[in-house]
Every structure is written in C-alpha cells, then in structure tokens.
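To start, the structure itself, in structure tokens.
What follows is calculated from the coordinates using simple rules that are stated; it is not laboratory data. Bear in mind that the values here come from a model prediction, so they are computed numbers and not experimental data. Heads up, the Cβs are rebuilt from the backbone with ideal geometry, glycines too, and the neighbour counts pull from every protein chain shown.
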Ligand code: FES
Ligand SMILES: [Fe+2]
C-alpha cells in the first residue's frame, strides 16, 4: 500500500478531498460544484474553510514558478472551495435548483485556464 | 465620495422627457420588427465585438460571428500593429475563409482553391491567377469599419456617420478611465437564451427585480431606505445611457470565503492602481447591446447578441489587468467570476419566462415605472430608428 500523498505535507487534513475536488480547469470545478451532493459540499467546505487563508499564504510564498504537483493540487482544491462556498454560504437551500439553471452559463475563458 | 444615509431616488420629473405611456409589446417578439432592427439598429450602429488583449501580437487574429447581420468577421493585428476587421469571406467565390476562433498567422488560405490573404486583407497569391480577369488589388478581403475605445474593439457594418468616439460622446472618456482600457486578460462565460435581445438587455438595466430574483445577492445591497437598491443617478447621451450604482453605507459582514476573496482581491486591485477610481460606480449601457460596469473588483462587460426575434446570446467578461500574479489573485478572480455567474444564472431563467409570455401575444402593452427608465429609453431609441428606417423604405418605394 503506497502512503504517497497528493497535497503538500502541512495540508494532510485535506487529503481526503484531493481526489474529488483538486481539479484543473475553471469550468470543470464549476461543474463539480453543480454535480455534487449537499453532503459532499458540506463536508468539503467544513474541512477546508479554516485552511483557506493558510493555504493561500503558503502558495503565495512559494509562487507559481516554484509550484510542484502537490502545490498545483492545493491551488485547484482552494479554487474549488470558492465554487463550493457559493453553494454553502450564499445559495444554501436554493442550490439544487440553481445548479440546473447555472449549467446554461458556459465558462469559456479564465486566466487560470477555463 | 458621499455615502447617503437617506436615499433619494431619481424623481420622475427628471425623466418625464422619456414619456410615460405603456410600451407596445410586439417589438419584443415580432420577427418582422426584428428584421427592421437588423438594418435600422444593427447595420447603423457601432457594435462591441472584442478587446485588444485578444490580439496580443502582430499576426494575432480572432473570428467573430455577428448573426444579426449574417456576418462572419475576421479581426487581425497587422504587421504594423494596427487592428483591422474584414468580412471572413474569400473574394474568389465567397467561401468562409477562417475556421479557427482565434490564433496567430501571417496569411490566411481559403481551403477551396487556395487563395491566400495577408493580415491587411490583401490578396497575396492565388493559383493560376493569370487565368482570371481581375487584379489582385480588386480582390482584397472586404473591409469592415473597426475602431477601438478603452481597449474595446467596435465594428460598424454599414456606413458610419461618425467616428466611434463621436458616437460614444462623453462615454468614450469614461471607457478610457476604466480598468478595461488597461486589461490584458479576462474571465468569460456565455449563455444562449430563448428571448428577444431587448427583453434580455432590459433585465440588466433595472434594479426593480433584484430583491425578488436575487434573494441571496440582494440582501447585502438593499436597505430599508432603498429596498430596491435603485441607483443614485441616471444619465443619457444620444442613444446611450448610464446609471450610478448606489452602495449601502453599512454593508454586513461578508461570509468567510467571500471575505477572503474580497480581502485578497482588494490587495490585487490596489496593486494595479484601480481602486477608488472616479468611474467605479458607473454602469454604462452603450447602444445598442453593450454594458460595462466600472467596479474595479467586478469589472464586467455584458454584450447581448441578437440571433433571431426570440433568440440571443449573452457574453459576459470580467476584465483583469495582468495575468494571475499570485495564487491569491487567482483565487479572488475565480471567485468573483463564479459570483457574477451565479447572479446572471438567476436572470437568464426569468428572462426566458418573460419572453414566453410576451411571445404568446397575450399582451398589447408592457409597462415601465420611473426606475425602469433606462428600459424605456432603449425602447424609444430603437423605435425611433425603426420608424425612420421604415419611412425611408416607404419613401424609396413610393
Ligand atoms: S472560394 Fe476561396 S479560393 Fe475559391
Ligand atoms: Fe438581475
């Protein structure tokens, strides 16, 4: 059994969410929010919200040029948190219906890579 | 900057000149009226079609479809750095020249018989050209009037009566002052909608619906003295219009992730020198179908492209200065894009519902209140141009 981890060492607590949420591409992250269950969103949000400031500080200190794969995954994980937070903090109970309407808004370009 | 503690809406007396009558419903769904608009409005207006940051290098090109006039356009940056627009139509026998949506090239070759054109539209080579009965100079790509203001590319598919800057009047300077003029990249999302372009556009120039359609977003921006978040001022210039957005003096605490995005985003906007600009509360509506909001952190444009009487396409862009320089900046930008997309999602759904009702023909009229005066102004402008065009056509026919 490999003990290889996906995220930088100091973010082990987020390891269970890396496979499901550390996704490349803004449209993919938005779609992941749209296809998630309330339970998945709440669990990810609860685990990650407190880590957001520390994760951004860590990644800022490192800088894009020095990113390794684990850093890239942590970045993508935090970007997904942004999407999920809109469901958990803003839409709340309206999220399910909202997700259906939102699918019409196709993300076509972002500086992060659509 | 004064934050009003007691809000006073713009009074009807200031807006009386726009009229108060009910507005006829047919122009919002009738295909015959739409056909008149193609010529009267869209053939005779400068239309926003892109941004210079999409043409970063000499040789960069973009292709844009303008369905309302059945046009496919090729926009290039030449070897001399000039931005030019052409019909994307091979002058041999009309084949659409370029397929890719964007790229970088020095020449464009038509797949049919390999006529090859340069970035300046000139015909460079054509196989067995000696057998034709025409000169190369006569075979350049058909040019389209193209001008830039505030970094935004506009085209005119008729005979422009004035330069773009004359057409925009005082709003040209506003564009120059906004971050869009310095933008180098953007976030974009696109929607198709089964609704008339005016009905779609109108939704984004009245705040009356905010609290009902955007319950989660409207809460923080409304207050007991301004429950509809009406703007503090309206302004008009020719066919264009604008409003000055009201901001609540005591905004509630943001939610945790939202607060983090604001904090990190504000630091980036500060570094770019775009915080606190004079145009930060200006929301411009440039005739016929373009919006730009001056807010430095949510600096979005919105173009509603008509496709048919009951079909449109919306393109929303948040313009940014510089690539994502830090992970925090990347985070804030993606969050702001997703926030705006959430709000526009809610609009799209209700607009389609509106179009269905109107297109049933059940109503003879619709009604605009004082704080929907920008919608009334759009109708007045369109109607004026359609009536003038109709009179011209009848004059010719007589
Ligand atoms: S139609 Fe383009 S080369 Fe013949
Ligand atoms: Fe809205």
Contour minus Cα-Cα span, residue B:67 to residue B:353, at 0.36 nm per residue, comes to 100.6 nm
Comparing B:262, B:300, B:42 in a Gaussian network model of chain B (Cα, 10 Å), the one with the largest mean-square fluctuation is B:262
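What's the exposure ranking of B:208, B:234, B:112, B:189, going from fewest to most Cβ atoms within 10 Å? Please report the intermediate quantities before stating the final value.
Numbers: B:208 16, B:234 20, B:112 13, B:189 27.
By the 10 Å Cβ count, ascending, the order reads B:112, B:208, B:234, B:189.
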Given a Förster distance of 41 Å, the FRET efficiency implied by the Cβ-Cβ spacing of residue B:192 and residue B:13, rounded to the nearest 0.05, works out to 0.50
GNM on chain B, Cα springs under 10 Å; top mean-square fluctuation among B:40, B:137, B:181 goes to B:137
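Label chain B by shape, choosing from rounded, prolate and oblate, from the square roots a ≥ b ≥ c of the eigenvalues of the Cα gyration tensor; if a/c is under 1.5 it is rounded, and otherwise prolate applies when a/b is larger than b/c, oblate when it is not.
Values: a/c = 2.13, a/b = 1.34, b/c = 1.60.
Oblate.
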GNM of chain B, Cα pairs under 10 angstrom: of B:132, B:117, B:368, the biggest fluctuation goes to B:132
Computed over chain B: longest principal axis from alpha-carbon atoms vs helix B:373-397 long axis, angle to nearest 10 degrees, is 30
Each label sits 7 Å from Cα toward the beta-carbon; between residue B:365 and residue A:68 the label points are separated, in nm, by 7.3
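For the stretch B:255-398, what does the alpha-carbon gyration tensor say about shape, rounded, prolate or oblate, given a ≥ b ≥ c as the root eigenvalues, a/c under 1.5 as rounded, and a/b over b/c as prolate?
Working: a/c = 2.76, a/b = 2.09, b/c = 1.32.
Prolate, because a/c is 1.5 or more and a/b exceeds b/c.
In terms of the ratio Rg/(2.2 N^0.38 Å) built on C-alpha atoms, what value belongs to the protein assembly as shown?
1.05
Does the stretch B:177-243 come out rounded, prolate or oblate by the C-alpha gyration tensor, with a ≥ b ≥ c the root eigenvalues, rounded set by a/c under 1.5 and, if not, prolate when a/b is larger than b/c and oblate if not? Kindly include the intermediate steps, with their values, before the conclusion.
Details: a/c = 1.39, a/b = 1.26, b/c = 1.10.
Judged from the Cα gyration tensor, the stretch B:177-243 comes out rounded (a/c under 1.5).
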The extension gain from residue B:263 to residue B:250, computed as 0.36 nm times the residue separation minus the Cα-Cα distance, is 3.0 nm
Once normalised by the length of chain B, the mean sequence separation of its alpha carbon contacts under 8 Å that are 6 or more apart gives a contact order in percent of 22
Relative contact order in percent for chain A (Cα pairs under 8 Å, 6+ apart) equals 42
